[in-house]
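Student: Attaching a single structure in structure tokens format; questions to follow.
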Amino acid sequence: MIGRFVEESRELLDEAESTLLALEKAPQDKEYAGHAFRALHSFKGNAGFFSYTELEDLSHHAETLLDKIKEDEKTCDPVAVSFLLIAIDALRDGIDQISDGIEINLPGKKEICRYLDDLAGNNSDTA
């Protein structure tokens, strides 16, 4: 079951990444933000189901920023896309750790969450 989670997670993160790269080229196209949001939302739900709270938390912060972008509450700019891609890379690291059978350790997670919150207009210290 964990193997299927890892496989599906990689697919969802690849989908989120590719749509973010498309969004970076066409920031006015909110459909890309919606696709990336849905991929991260699914990832977050799966991570929560398996009690991978570190992954669930980080994906929640990324998802919040994407929601603001898709709802036109936040302008999509290169900085936002860069931090979303950084978050995806960190989530991939967590998936690799699960695949390797080691405990999840996401160095810099708190800082990434804080930056995502700031970009989304949420000034929260709960990361």
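The values are calculated or read from the model by the stated rules, or taken from the named source; none is laboratory data. Bear in mind the structure is a predicted one, so any value in this text is a computation, not a measurement. As a convention, Cβ positions derive from the backbone with ideal geometry for all residues, glycine included, and neighbour counts pool all protein chains shown. These area figures cover heavy atoms from the full protein model, side chains too; ligands, DNA and RNA do not enter into them. Shrake-Rupley method; radii C 1.70, N 1.55, O 1.52, S 1.80 Å.
Student: At a 1.4 Å probe, what is the % contribution of carbon and sulfur to the accessible area of the chain?
Tutor: Here carbon and sulfur together make up 48 percent of the probe-accessible area.
Student: Lys109: which aspartates and glutamates have alpha carbons under 19 Å from its alpha carbon, excluding same-chain residues fewer than 8 sequence positions away?
Tutor: Glu17, Glu54, Glu56, Asp57, Glu63, Asp89, Asp93, Asp96, Asp117, Asp118, Asp125
Student: How big is the equivalent ellipsoid of segment 36-127 along its three axes, where each semi-axis is √(5λ) from the Cα gyration tensor, reported in whole Å from largest to smallest?
Tutor: Those come to 22, 13, 11 Å.
Student: Additional query: Compute, for the chain, the length of the dipole vector about the Cα centre, with Cβ point charges of +1 (Lys, Arg) and -1 (Asp, Glu) only. Units Debye, rounded to 20.
Tutor: 120 debye
Student: Using +1 at the C-beta of Lys and Arg and -1 at the C-beta of Asp and Glu, which of Tyr115, Phe83, Gly34 has the Cα lying farthest in the positive direction of the dipole of the chain?
Tutor: Gly34
Student: What's the local net charge at Pro78, with K and R +1, D and E -1, over the other residues with C-beta under 12 Å away?
Tutor: Around Pro78, the charge tally is -1.
Student: Can you give me the C-alpha center-to-center distance between segment 55-80 and segment 81-108, rounded to a whole angstrom?
Tutor: Computed from Cα coordinates, the inter-centre distance equals 17 Å.
Student: Take Thr75 and Leu21, extend 7 Å from each Cα along the Cα→Cβ direction, and tell me the distance between the two endpoints in nm.
Tutor: It is 2.6 nm.
Student: Helix-derived [θ] at 222 nm for the chain: sum -39500 (n - 2.57) over DSSP H runs of at least 4, divide by residue count, nearest 500?
Tutor: -26000 deg cm²/dmol
Student: Using only the heavy atoms of the protein chains and a 1.4 Å probe, how would Tyr115, Tyr52, Tyr32 rank by accessible area, largest first?
Tutor: Tyr115, Tyr32, Tyr52
Student: Okay, moving on. Percent relative contact order of the chain, based on C-alpha pairs within less than 8 angstrom and at least six residues apart?
Tutor: 27 percent
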